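K.L.:
Starting off with a structure, shown below.
Each value in this text was obtained by applying a stated rule to the coordinates, not by laboratory testing. All values reported here derive from a predicted model rather than from experimental measurement. Because the Cβ atoms are built from the backbone with ideal geometry, glycine has one as well, and the counts that use them run over all protein chains shown.
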Amino acid sequence: MIEDQRPASGDTGSRTRTKTKTRTRTKTSTSTRTSMAKCPPDGGWGWVIVGCCFMVTVCTRAVTRCFSIFFVEFQTHFEADYAATAWIHSLVDCTTMLCAPLGSLLMSRWSCRLSVIVGGLLSSCGLLISSLSSSLELLYFSMGILTGLGFALCYTPSIALVGLYFRRKKALAYGVAMSGSGIGTFVLAPAVQLLIDLYSWRGALLVLSAFVGNLCVCGALLRPVTLQEDTEEEEEPTENKQYCDNNWKDPELAEKPSSQSKDTWGKTSLLAPPHPEQTVSAPHWSSEYRFLLKKDFLSLSLSFLFLAGGCSLPFVYLVPFALSVGVGPQSAAFLMSILGVIDIVGNITFGWLTDRPCLKPWRLGCYIISILMEGLCCLVVPLLHSFALLVPFAILYGYFDGAYVALIPVVTSDVVGVESLTAALGLVYFLHSVPYLLSPPIGGWLVDVTGSYTPTFLLSGTSMLLSASILVIAAGIHRCRHKPRPLKTINEN
Amino acid sequence: MALSMIYSPLLLLLVSCSRRVVSKTTGPTPAPLVPTSTLPTYVKSVVLKGESHTERLELLNPVNLTLECTWAGNQNKEPNITGWWLKDGNDVPNSRVPVELQNEQYNLRGVFSVNNDTTLGNYSCVFANEARIDFLLEAPQIGDVREKPIVSYIGDSTVITCKMDDTKPMPITWNWFRDNGTEKEQIIAESSRFEIKNDERKTRLVVHDLTEEDSGLYYCGAVFAISTPMSHVKLKVITIMEPLKPFLAILVEVVVLVAAILLYEKTQSKKKATAENVPSADQNNTVTQEEPNGPEGSPSTRQRKV
């Protein structure tokens, strides 16, 4: 696999390789180039990157979910109540998402590798300090903020890098990578419980801090990629081909004269040259953040805001709702397990599905449909009053939840293009943070005020339907404006 | 002739004894134990449907307990059967009485003074070995007993808790005991290392400066007027070495892997730099549009990312 990308020989190997889609290095040059973007490798080292991103998701998202197992121990040891200990989980989640732009900034300035390794060290230290902690306030800082910051520096860069390595199989790659949170929770939850039984919470946090150190290993494997143009025709749908073209329209970006592309550019880059924006100080801000002005991205971010507001509520309130309608505690816990497992299935299968050539042009449509289905499921929940009725809800909701989680980075990269994917993803996850933090307490307040779970689920469902409808309206407006041209060319700036 | 002379006095004795026994039990059933007048009384009646039944009674304070059993009888419906009481499977002395069939039912009644631990237990009324009602007398039991041991570290402090269910009555106070090999020894709160915080339904034992000898069973007792039901928790004190072993193992794995990967990447990049410098010189000659800066600039830019 490694030999594919880095041939020891020079020209002969490279000439054959330019016929296929391999990465080649880019050069900075003073002359203008008329390059056509060489597309991402779609395999090879890319699958190692997917594996690393999977581990990063396990070590960040799954570990965050396992923190709630510690709360009972903290409550006894520090003589605190549930609300005080639950702050730790909110702090980690919020910090991970809030500092996502910081992660993408670090990735653009230096490299993905550095960002993830630093993030791994930070979160490891955070958990180490937590294991020695003697007060709940120190836990808020070390286990909440420090660990959350470390996770933020790892999460966004690794996801962005997957997008840079894949084009044809992007949705499948993302599906596999994002399934880490589901599979990780499945495996880590009993493991963490066992650690607590054996070593108490201090020892468990100590071992967990070493486990989270594996983020550094994943970071070391995240080889940066440079994209270069490929003159070959492909059967890619135009929108994919188009952002291959988009990449290298900017003269600051490293390019190669097309005449030399077949002769000298066969050598794939092992260590990529610095990101083009790195060489220029002032103009790169505008080129990197140009996507902010795109109307597509603005409508997408608005829809993400509503989506994040609605999607976390069912996870928090499904079990209490099931208990309130008479489902037993074991069955209610089983519902959550079904949700978790089907989530993983949804991640991978939906990713594979939306990579099929027939569905690829309609990826945004598939994303909209999955959000619509989720919203409709939530609206129907108040009518489901038995375990037998709640099981299909758990299956459907879990499947489409996995589906949209795998598609978020794909849709984002479709809209903003590969060059701005890093910055855009940082912003997307930042937009998730505040609704994630605010919506469960608002849902709880609704339950307290009205005495039933119906308004909470209605809020969740409406929020998601709103998110889907914003995208439908935006797509509709777009279609009307650009009627003579095909829908997929979106070149506004 | 001689034999009947020996047996007849014996027979007379037997008859007189049995007559005496019969006369003792023909009247209303007397109480097997003498009740004290200071205790309150409580009556519990159970009608048996079927062959056996168990009734649980939770007692907080000493009482004079009157237990009444009623049995509808079987197909035979004999006019007189024998009934007696058992405590924890043993016969209660002087409790065996004949029971008459009244209104198609058999009634058996016993009065017991229940005032301490020994008098609590399983009282059963038995009808002629055919029907039985069990009365389980006990003080409120402490629910949710923690089966897994509490683990803590030498020098650290730990908190052991006991909680009485919200559905059960509140104890007067809580006591803590430590297993001393042979018996349970009460832990005194005033000693420096132990702190007891009682909170009506909950109690907390805080132990500071743990040592290995502190490992073992700890008992919390909920004090009621009648008895002190107990629950136990196991404490295990370990050294920091125990979790340190997996921690160091994983840390070593991480450091080795990171070093190996970075080293590998660095050597590969150096190899690539030397490999590319050679053909780039050729490229300069063959391609006319090639810029002089290009190939020479590339090795430095290429190596910037590690």
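K.L.:
Between residue A:385 and residue B:157, what is the FRET efficiency for a Förster distance of 51 Å, r being their Cβ-Cβ separation, to the nearest 0.05? Before the final figure, lay out the partial values.
P.N.:
Numbers: r = 48 Å, r/R0 = 0.94.
The formula returns an efficiency of 0.60 here.
K.L.:
Another question, then. So what's the gap between the Cα centers of the stretch B:220-252 and the stretch B:123-183, to the nearest angstrom?
P.N.:
18 Å
K.L.:
I need the shape label for the stretch A:366-446. Rule: rounded when a/c is under 1.5, else prolate if a/b > b/c, else oblate, with a, b, c from the alpha carbon gyration tensor.
P.N.:
Values: a/c = 3.55, a/b = 1.68, b/c = 2.12.
Oblate, because a/c is 1.5 or more while a/b does not exceed b/c.
K.L.:
Could you give me D for the stretch B:106-180, from Stokes-Einstein at 25 °C and 0.890 mPa s, where the hydrodynamic radius is the Kirkwood radius over C-alpha pairs? Units µm² s⁻¹, please. Provide the component values of the computation, followed by the final result.
P.N.:
Working: Rh = 17.0 Å.
The diffusion coefficient I find is 144 µm²/s.
K.L.:
Can you flag which of A:170/A:294; B:163/B:245; B:163/B:234; B:197/B:236; A:360/B:272 are past 25 Å Cα-Cα?
P.N.:
With Cα atoms farther than 25 Å apart: B:163/B:245; A:360/B:272.
K.L.:
So, with +1 on the Cβ of K and R and -1 on the Cβ of D and E, and no other charges, what is the size of the charge dipole of the stretch B:60-152 about its Cα centre, to the nearest 20 debye? Spell out each step's value before the answer.
P.N.:
Values: 7 positive and 12 negative charges, 18 e Å.
For this selection, approximately 80 debye.
K.L.:
Taking the Cβ of residue A:161 as the center, what net charge do the other residues with Cβ under 11 Å away carry, scoring Lys and Arg +1 and Asp and Glu -1?
P.N.:
Values: positive: A:113, A:223; negative: none.
Computed value for this residue: +2.
K.L.:
Just want the answer: with Cβ charges of +1 for Lys and Arg and -1 for Asp and Glu, which residue in B:112, B:80, B:61 is farthest toward the dipole's positive end in the stretch B:41-138?
P.N.:
Going by the Cα projections, it comes out as B:80.
K.L.:
Holding the Cα-Cα limit at 25 Å, pick out from A:169/A:483; B:49/B:77; A:295/A:483; A:169/B:266 the pairs that are longer than that. It would help to have the intermediate numbers written out before the result.
P.N.:
Details: A:169/A:483 29 Å; B:49/B:77 15 Å; A:295/A:483 17 Å; A:169/B:266 29 Å.
Over 25 Å apart, Cα to Cα: A:169/A:483; A:169/B:266.
K.L.:
Can you tell me the relative contact order of the stretch B:150-239? Whole percent, Cα pairs under 8 Å, sequence separation 6 or more. Write down the numbers at each step before the final one.
P.N.:
Details: 184 pairs, mean separation 35.3, N = 90.
This gives 39 percent for the stretch B:150-239.
K.L.:
Once R0 is set to 45 Å, what does the formula 1/(1 + (r/R0)^6) return for the Cβ-Cβ distance between residue A:482 and residue A:445, expressed as a FRET efficiency to the nearest 0.05? If you can, show how the numbers build up before the last one.
P.N.:
Values: r = 44 Å, r/R0 = 0.97.
In this case the efficiency is close to 0.55.
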